[in-house]
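To start, the structure under review is shown below, and the notes come after it.
The values are calculated or read from the model by the stated rules, or taken from the named source; none is laboratory data. All of these numbers come straight from a predicted model, not from anything done at the bench. Here the Cβ positions follow ideal geometry from the backbone for every residue, glycine too, while neighbour counts run over all protein chains shown. The protein model used for the area step is the full one, side chains on, heavy atoms only, and it has no ligands, DNA or RNA in it. Shrake-Rupley method; radii C 1.70, N 1.55, O 1.52, S 1.80 Å.
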Amino acid sequence: MLKKHNQLFLAILLLADLLITALSWLGAYFLRFYTGPIPVYKGIPDFEEFILFLIFFLPLTALAFRALGLYEPMRSGAKFQEIKKIIAASCLSTLVFITFLYLFKENKYSRMFFIYFLAIDIILLSLFRGIIRILLGWLRKHNYNLRYILVAGDGQLAREVAKKLTEHAEYGFKVIGFLSKDKESIGKELDGIPIIGTYGEIKQILIEKQVDQLILALPFEHIRMLRPILGEVYGEIVEIKVVPDLYEYFTLRKGIEMLDGLPVINLRESPLYGWQKLIKRLFDITVSWVILFFLSPLLIFTAILIKLTSAGPVFYKQKRMGLDGTEFEILKFRSMKIGAENQTGPVWAKENDPRRTKIGIILRRYNLDELPQFINVLKGQMSIVGPRPERPEFMHEFKKKIPEYMLRHKMKAGITGWAQING
């Protein structure tokens, strides 16, 4: 029954989305050609022709919206994810339509019309979906439009799953009970939710309780039971989800990707990838060039002062740990005397360190010795913002004392960041 209502709801949602798109199309037409601030130079296109093209555009919109998952179940999905999908689907359908116009040499549409259309369409669709979410959330909090959940498992993971579902009443999930391996556990309660059966009784319970969704949250020591359970429920009409007992090992960006049809769980991966990585790199290069260009007189003046006030090179190179644990040579203006660590070995710099040169006192006080690191940024060894690059000698000690310390090396080291700002 719920699935039938769900299909009806999705059909109504699709029609509403297409109606909003049509209204946005008409709104953009009148805004651009009748009330907009930008003059019309080529004359106003026929309204009937705009309506005709709208008839072709709406099916294209429906396909784009379906392809990008706007009609998939999103009870527990983030609202911002839905807005991102709306933006992507609207832009995709519009770009495909513009391409068709170009191929058929239809140049009556102005660029401003499409800008107006996209702005109106995205705003109205986002507001509409937001109102729907609020309405559905209210209904679900009052026990309407619920999905009944059975959790297979009675360990900490199963309790965590039930807790998350119970905390978010707006999702409309109601956990009816847990399943356990031991028959003696039946009747006990976990956080107010009863254990109603064993793994072996799962098929009978699914039928009797009219379960909508089965969540397999087996403790790691029960993982061998997964195959028999799936064999029991494989032919039943119930949604099945698996929550692996690997939660404590999830760090940084995680998720599931497909390897030629084979699902692969990411336990640990760099948080920056794709466009994010490219944009950060472009930002680093642009800002570094600008800073080095405008500060070049200061850099030259500093280099001359270092050369005149102490013996030795202008720059100081030191091994640091960078992205993925690879070593690189960080570049700094020399602020210490030559051979400063000959007696002490690698040590932390101290306040009022006697090893500093006269000009080094000023350089370190105002962090001017760090300026050459923008060259490391241009070389791709560092980023402007990122974790503090540490010396390998210290790093080996830190990773023994600080849990997950080495994960910092999944990002490029930075000139500035939380550790640098907080000392």
Can you list residues from other chains, or at least 5 along the same chain, whose modelled amide H is less than 5 Å from the amide H of Glu327?
Gly322
Accessible area in the full protein assembly, largest first, 1.4 Å probe, for Asp369, Asp154:
Asp154, Asp369
What's the local net charge at Gly386, with K and R +1, D and E -1, over the other residues with C-beta under 14 Å away?
+4
Kirkwood Rh over Cα pairs of the range 112-214 into Stokes-Einstein at 4 °C, 1.567 mPa s: D in µm²/s?
82 µm²/s
With a cap of 13 neighbouring Cβ atoms within 10 Å, and only residues DSSP puts in a loop, list the trypsin sites (Lys or Arg not before Pro) found in the range 187-240.
Lys188
Sites Leu139 and Lys203 - FRET efficiency at Förster radius 35 Å, r taken between beta-carbons, to 0.05
0.65
Just to be sure I understand the curve: with the Debye formula and one point per C-alpha of the range 137-182, what is log10 I(q)/I(0) at q = 0.22, 0.23, 0.29, 0.31 Å⁻¹?
-0.70, -0.74, -0.98, -1.06
Quick check: residue separation of Phe293 and Lys400 times 0.36 nm, minus the Cα distance between them. What number comes out in nm?
34.4 nm
Surface accessible to a 1.4 Å probe, Glu189 within the full protein complex, Å²:
120 Å²
Those chymotrypsin sites (Phe, Trp or Tyr not before Pro) in the range 136-199 that DSSP places in a loop and that have at most 15 other beta carbons within 10 Å
Tyr144
Calc'd 3J(HN,Hα), the range 56-69, phi into Karplus 6.51 cos²θ - 1.76 cosθ + 1.60 (θ = phi - 60°), Hz, glycine/Pro = x, comes to 7, 6, 5, x, 4, 5, 4, 5, 5, 5, 5, 4, 9, x
Over 32 Å between alpha carbons, listed pairs Lys164/Lys209; Lys174/Lys401; Lys164/Lys280; Lys163/Lys399; Lys85/Lys379
Lys174/Lys401; Lys164/Lys280; Lys163/Lys399; Lys85/Lys379
Most to least accessible of Leu230, Leu118 (protein chains only, probe 1.4 Å):
Leu230, Leu118
Using modelled amide H (1.01 Å from N, peptide plane; none on Pro or chain starts), what sits under 5 Å from the amide H of Leu216, excluding residues fewer than 5 places away?
Ala152, Lys241, Val242, Val243
